[in-house]
Every structure is written in structure tokens, then in C-alpha cells.
Amino acid sequence: MESGLYVYLLSQLRINTAKHNFFFKVSIGVRDVEMLNLLVSRGIVRRFYKLHVTKTNKLMYLIYPNYTRLNNTNLKLTSLARNKGHISMTLNALKIINIASGGSSFILKTTKGLLTHQEAIKAGLGGVVVCFIY
């Protein structure tokens, strides 16, 4: 399932920022690194470092979320994974959402990789919704 690929990484990010951890370790797959790069570009994660490869061929990363101790306004993240199927959006649906969304973003899995909905509109693509950042 496409939208379920990043659920573990996103849930670990939400849990550790709720605990106000300045960093945390997580074992993720190779595909999740693309999500980490997108989260860094959106300002949700400050930085991340590869530590080592685990016995199950997953990568162990040290992740530093971007928030202050008093105010965690940078991270409002909702994963949109479902048990059956996935949520896909066409280009026309993305254009309508873009008008109503304000400063929030949908992260989409497209044929060109992970993109925000604004980037997908510029590229003329639709895709599968992974999460919602507001």
C-alpha cells in the first residue's frame, strides 16, 4: 500500500515531538529517506544522520525535529494512511485544495517521487496522499 510506506516514520516523529525529545533514533527503510529530505525542506525536521545498518537491512537514523521547547507550532502532521486502498488526488482536485488550504500542504507520492501538493500542481501531476502538514 503506497500511503502506508511512511506511517512508522511519521508516527515516531509525532510521538517523539510530543515527548519534547530533541532527537530520537529510528530504524527505517531506504524509501523513508526521501520523506526525511522533504521534511527537512519543509522545516519540520532540522537534520538527520545515518548511524548504521541494522541486522534486518534497515537504516538506523538519528533525527532532530525542528521545534522549540515552549512552542511546538512547526509540527502539525496528520498521516492519511488507510487499511483498504489509498487516497489519490487528481490534478484538478489539487488545484481546488490549493485555493482552500492556505499555508498547509499535502505530501503526495507521485511518479516523480514525494512532492508537496504545490510542487505537484507546478509539475502537472496527481498522486497518492501520504500526509497532511498544517
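Exceeding 27 Å between C-alpha atoms, which entries from my cross-link table qualify? They are Lys50/Lys109; Lys19/Lys50; Lys55/Lys76; Lys25/Lys109. Checking Cα-Cα distances, Lys55/Lys76 exceed 27 Å. Between the Cα long axis of helix 7-18 and the first principal axis of the chain there is an angle of about 60°, rounded to the nearest 10. Counting other Cβ atoms within 10 Å as a rough exposure proxy, the listed residues Thr54, Thr17 run Thr54, Thr17 from fewest neighbours to most. Tilt of helix 32-41 relative to the longest C-alpha principal axis of the chain, in degrees (0 to 90, nearest 10)? Orientation of helix 32-41: about 80 degrees from the principal axis.
Between the helical axis of 91-101 and the dominant principal axis of the chain, each derived from Cα atoms, what acute angle in degrees is found, rounded to the nearest 10? In the chain, helix 91-101 runs at an angle near 70 degrees to the longest axis. Ordering Thr54, Asn98, Leu125 by the projection of their Cα atoms onto the charge dipole of the chain, which places +1 on the Cβ of Lys and Arg and -1 on the Cβ of Asp and Glu, puts Thr54 at the extreme positive end.
Taking amide H as placed 1.01 Å from N in the peptide plane, Asn66 has its amide H under 5 Å from the amide H of Val45, Arg46, each at least 5 places away in sequence or on another chain. Residue order for Met89, Met60, fewest other beta carbons within 10 angstrom first, comes to Met60, Met89. Each of His52, His20, His117 was scored by other Cβ atoms within 10 Å of its Cβ. Listed from fewest to most, they are His52, His20, His117. Taking only the C-alpha atoms of the chain, Rg followed by Dmax gives 15.0, 46 Å. Between Arg46, Arg31, Arg14, the Gaussian network model of the chain with springs among Cα atoms under 10 angstrom shows the greatest mean-square fluctuation at Arg31. Computed per residue of the chain from DSSP H runs no shorter than four, each worth -39500 (n - 2.57), the mean residue ellipticity at 222 nm is -9000 deg cm²/dmol.
How high is the relative contact order of the chain, given as a whole-number percent (alpha carbon pairs under 8 Å, six or more residues apart)?
Dividing the mean separation by the residue count of the chain yields 26 percent.
Every number here is computed from the coordinates shown, using simple stated rules; none is lab data. Since this is a predicted model, take the numbers as computed values, not measurements. For neighbour counting, all protein chains shown are included, and Cβ atoms are generated from backbone atoms with ideal geometry for every residue, glycine included.
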